[in-house]
Amino acid sequence: LYNGGCLKADGKTFQFDKSIILYNNSGQQAVLDNLCFGFAAPANGQANNKNYGADGKLTYEAEGFTPASHGIWWFQQPLTIEPYKQVVVNICGAIDNTQTVPNSVNYANAEYYCMYDPESGYANTNYYPTPSDAIPTSHYLKAKEYGLGNGWTFSVTSPAVFIFQTKNQTPAAFGDDATNMWYDGGNEGSAVYACKKVPNEWILDGMEVWQKTKVDDSTKRLTADIDAGYVTLTNYLGHTLYRNVNKEATEALPENAGKLVYGYSLGVDESTDPSGIDAEASMKNGAHIIFQDTNNSTADFHERQKCSLKD
């Protein structure tokens, strides 16, 4: 996940270049229908979270859903990911941002996908400039906005992001269904706090992010069945949140003999991949990487010094 932005040459911050990378962590082709993105409320981990009951639990935990705040995005067609391959999904700024902000990311790539659907209401051109001509229109994700504003309010500091598949209905129908509305903090009827109730059994994975300098002020938004922990981020420095390598499983693949690169050193401070395997260098060397997935972001992720797309 790259959501924290970076610095411009003049030292000012730039945040219109977010993205997320999906990876097929297996040796079998993955085909995903109705694949959607959402983030839980409130948008920032350090925000005043009024969704806890007197028992200290999230009020929606017992009901088995996760609130998708503001709006959802989805792929127009079933997404196919080949074994041990990745798919890049631009959240905003689907252009070559390096032309104006060298520390940023170049998304002008025909293989990339992007969140771009001005007709949905997400039409803020700062967030959504016309995508690079290199990206085919079939790779534009569609959206349903039910909150207020003209941009998906995906946090630059601490989102709780998740991916899910709608069942027995299309994402568009799910987004249009008025019966599954829910309001953050009990603010019934206020579009500012509007969310959709995503059944937890639909959710494939989630990541709870907290701002590194505000951990003591942060509270969980994803229940333990979605993410049992959290990972911290220092924003505006071009850092990303990157999965740790499952060392034992990766080394056990016979095709990786002589292809794994060790001595990884792109972690931040005390945050690094304990496997010691440089995943990006190893993949460029022809290795197949199996990343760690224990359903706990504290154990599964580390803060990386730069976006892997810049390697």
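Just to be sure I understand, how many residues within the stretch 185-231 are of a type outside the set (Asp, Glu), under 19 Å from residue 153 (Cα atoms) and part of a strand (DSSP E or B)?
10
Do the conditions hold for residue 99, that is, is it at pLDDT 95 or above and touching an Asp or Glu at 6+ places or on another chain (Cβ under 8 Å)?
no
Out of all the residues in the stretch 174-188, which are surrounded by 12 or more Cβ atoms within 10 Å (Cβ to Cβ) and small (Gly, Ala, Ser)?
Result: 175, 185.
For the stretch 252-269, name all the residues that are open to solvent by 80 Å² or more (accessible area, probe 1.4 Å) and not small (Gly, Ala, Ser).
254, 262, 269
Assess whether residue 138 counts as being small (Gly, Ala, Ser) and over 20 Å from residue 78 (Cβ atoms). Please lay out each step first, then the result.
Working: small (Gly, Ala, Ser): yes; over 20 Å from residue 78 (Cβ atoms): no.
No, not satisfied.
Is at least one residue of the stretch 97-108 under 15 Å from the mean Cα position of the chain (by Cα) and open to solvent by less than 20 Å² (accessible area, probe 1.4 Å)? Working first, answer last.
First, the residues of the stretch 97-108 that are under 15 Å from the mean Cα position of the chain (by Cα): none.
Scanning the stretch 97-108, I find no residue that is under 15 Å from the mean Cα position of the chain (by Cα) and open to solvent by less than 20 Å² (accessible area, probe 1.4 Å), so the answer is no.
Could you list all residues from the stretch 301-311 that are assigned to a loop (DSSP other than H, G, I, E, B) and in contact (Cβ under 8 Å) with a residue 40 or more places away in the chain?
Taking the stretch 301-311 as the starting set, the residues that turn out to be assigned to a loop (DSSP other than H, G, I, E, B) are 305-307, 311.
The answer is 305, 306, 307.
Restricting attention to the stretch 189-198, report how many residues are within 19 Å of the chain's Cα centre (by Cα) and either open to solvent by less than 60 Å² (accessible area, probe 1.4 Å) or without any contact (Cβ under 8 Å) to a residue 12 or more places away in the chain (or both). Steps first, please.
Looking only at the stretch 189-198, we keep the residues that are within 19 Å of the chain's Cα centre (by Cα), and these are 195-198.
Remaining after also requiring either open to solvent by less than 60 Å² (accessible area, probe 1.4 Å) or without any contact (Cβ under 8 Å) to a residue 12 or more places away in the chain (or both): 195-196, 198.
Of the residues in that region, 3 qualify.
Could you please find all residues in the stretch 290-300 being open to solvent by 30 Å² or more (accessible area, probe 1.4 Å) and either assigned to a helix (DSSP H, G or I) or farther than 18 Å from residue 85 by Cα (or both)?
294, 295, 296, 298, 299
Name the pairs whose Cβ atoms lie under 7 Å apart, with the first residue in the stretch 99-113 and under 14 Å from residue 308 (Cβ atoms) and of a type in the set (Ser, Thr, Tyr), the second in a loop (DSSP other than H, G, I, E, B) and open to solvent by 40 Å² or more (accessible area, probe 1.4 Å), and 6 or more positions between them or separate chains?
Pairs that qualify, where the first residue is under 14 Å from residue 308 (Cβ atoms) and of a type in the set (Ser, Thr, Tyr) and the partner is in a loop (DSSP other than H, G, I, E, B) and open to solvent by 40 Å² or more (accessible area, probe 1.4 Å), are 107/95.
Within the stretch 199-214, identify whether any single residue is more than 18 Å from the chain's Cα centre (by Cα), touching a residue at least 40 places away in the same chain (Cβ under 8 Å) and either farther than 28 Å from residue 16 by Cα or buried (at least 21 other Cβ atoms within 10 Å of the Cβ) (or both), and answer yes or no. Before the answer, list the steps.
Going residue by residue through the stretch 199-214, those that are more than 18 Å from the chain's Cα centre (by Cα) are 199, 201, 213-214.
Adding the requirement that they be touching a residue at least 40 places away in the same chain (Cβ under 8 Å) leaves 199, 201, 214.
So of that shortlist, the ones also either farther than 28 Å from residue 16 by Cα or buried (at least 21 other Cβ atoms within 10 Å of the Cβ) (or both) come out as 199, 201.
Checking the stretch 199-214: at least one residue is more than 18 Å from the chain's Cα centre (by Cα), touching a residue at least 40 places away in the same chain (Cβ under 8 Å) and either farther than 28 Å from residue 16 by Cα or buried (at least 21 other Cβ atoms within 10 Å of the Cβ) (or both).
Name the one entry in 156, 245, 231, 209 that is of a type in the set (A, V, I, L, M) and in contact with a His (Cβ under 9 Å, 6 or more places away or on another chain).
Numbers: 156 fails: in contact with a His (Cβ under 9 Å, 6 or more places away or on another chain); 245 fails: in contact with a His (Cβ under 9 Å, 6 or more places away or on another chain); 209 fails: in contact with a His (Cβ under 9 Å, 6 or more places away or on another chain).
Step by step, each of 156, 245, 231, 209 is checked, and only 231 is of a type in the set (A, V, I, L, M) and in contact with a His (Cβ under 9 Å, 6 or more places away or on another chain).
Can you say whether residue 17 is over 18 Å from residue 230 (Cα atoms), out of contact with any Leu (no Cβ under 7 Å at 6 or more places or on another chain), part of a loop (DSSP other than H, G, I, E, B) and open to solvent by less than 10 Å² (accessible area, probe 1.4 Å), as far as the supplied structure shows? Let's see the steps before the verdict.
Details: over 18 Å from residue 230 (Cα atoms): yes; out of contact with any Leu (no Cβ under 7 Å at 6 or more places or on another chain): yes; part of a loop (DSSP other than H, G, I, E, B): yes; open to solvent by less than 10 Å² (accessible area, probe 1.4 Å): yes.
Yes; evaluated as a whole, the condition is true for this residue.
The values are calculated or read from the model by the stated rules, or taken from the named source; none is laboratory data. Computed from a prediction, not measured in an experiment: that's the story for all the values here. No Cβ is skipped: glycine too gets one built from the backbone with ideal geometry, and neighbour counts run over all protein chains shown. All accessible areas refer to the heavy atoms of the entire protein, side chains included, with ligands and DNA or RNA removed. Shrake-Rupley method; radii C 1.70, N 1.55, O 1.52, S 1.80 Å.
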